[in-house]
Every structure is written in C-alpha cells, then in structure tokens.
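The values are calculated or read from the model by the stated rules, or taken from the named source; none is laboratory data. All values reported here derive from a predicted model rather than from experimental measurement. For neighbour counting, all protein chains shown are included, and Cβ atoms are generated from backbone atoms with ideal geometry for every residue, glycine included. SASA here: full protein model, heavy atoms, side chains in, ligands and nucleic acids out. Shrake-Rupley method; radii C 1.70, N 1.55, O 1.52, S 1.80 Å.
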Amino acid sequence: MITLTHYVVVSALLFVFGMFAVLTRRNAIAILMGIELILNAANLNFAAFSKYVVGGVQGQMIAVFVIVLAAAEAAVALAIILDIYQKVGTISPDETRELKG
C-alpha cells in the first residue's frame, strides 16, 4: 500500500533533482526545466496531503493553481529567452548578464 511517506520521498527527490538542475546548469532552458521540477514536487505534496487529510480538497485546488502559474511562467520565460537569443545569439545566463545598461 502506498502511504504518505512514499509521496513525500518522491517529492523530495523531485525537489533535489530540480535544485541540482537550477544550480548546475548553464543553459536557460535547463534552468527552466529545473524550476518546473521544483513546482511539480510542491504539487505532489499538495495532492498527497489533500488525499490523506479529511476534507483536504484545498490542496488539489492549490496544485491546479500552481500548474496554471507554471504554464504562464514557462510561456513568459521562453519568450524572454527567445528574445535574448535573437539579440545576443546565446542563451547562456553567464553571457546575458552583460545586458544591464
């Protein structure tokens, strides 16, 4: 039987993989994928806790809200990345720091 502990362990693994991707990648798209993994870890926790708490429908509603927010974030971030690529010719975060000014 799958318990709350199983969900929390999988969620923790997703979160760790997402943080690893955000902290180690030098590509803006890979960093966005890491952020999506972190958000999915939070969604898994919301859904798991709403399943094991009596009357916990709010967790599922928050998870749906986070999914909508993640889709909007991905659309805006990809538009920004495409614009930077057209102007600079690279999507490396290290090289785009020079755009300040």
Completion exercise
Two pseudo-spin positions, 7 Å from Cα along C-beta at Met1 and at Val64, lie apart in nanometres by 2.9 nm
Exercise for the section: Calculate for the chain the 222 nm mean residue ellipticity that helices alone would give, adding -39,500 (n - 2.57) per DSSP H run of length 4 or more and normalising by residue count, nearest 500 deg cm²/dmol. Expected result: -28000 deg cm²/dmol
Practice task
Over the chain, with every protein chain in place, what whole percent of the accessible area is carbon and sulfur at 1.4 Å, could you tell me?
Solution key: 73 percent
Practice task
Compare the Cα positions of Met19, Leu44, Ala70 along the charge dipole of region 1-95 (+1 at Cβ of Lys, Arg; -1 at Cβ of Asp, Glu; about the Cα centre) and return the one farthest towards the positive end.
Solution key: Leu44
Problem - GNM result for the chain, Cα springs below 10 Å: residue of Gly59, Gly89, Gly18 fluctuating most strongly - result: Gly89
Handout entry: Test item: Cα-centred dipole of the chain, Lys/Arg +1 and Asp/Glu -1 on Cβ, debye
Key = 120 debye
Completion exercise
Most fluctuating of Ala75, Ala41, Ala21 in the GNM of the chain (C-alpha, under 10 Å) is Ala75
Problem - Between helix 28-52 and the chain: long-axis angle, C-alpha atoms, 0 to 90°, nearest 10 - result: 10 degrees
Handout entry: Kirkwood Rh, Cα atoms: Rg over Rh of region 50-94
Key = 1.35
Handout entry: Solvent-accessible area per residue, Å², over the chain with all protein chains present [probe radius 1.4 Å]
Key = 70 Å²
Fill in the blank from the handout: proj_area_mean for the chain (convex hull on C-alpha atoms), units nm², value 7.5 nm²
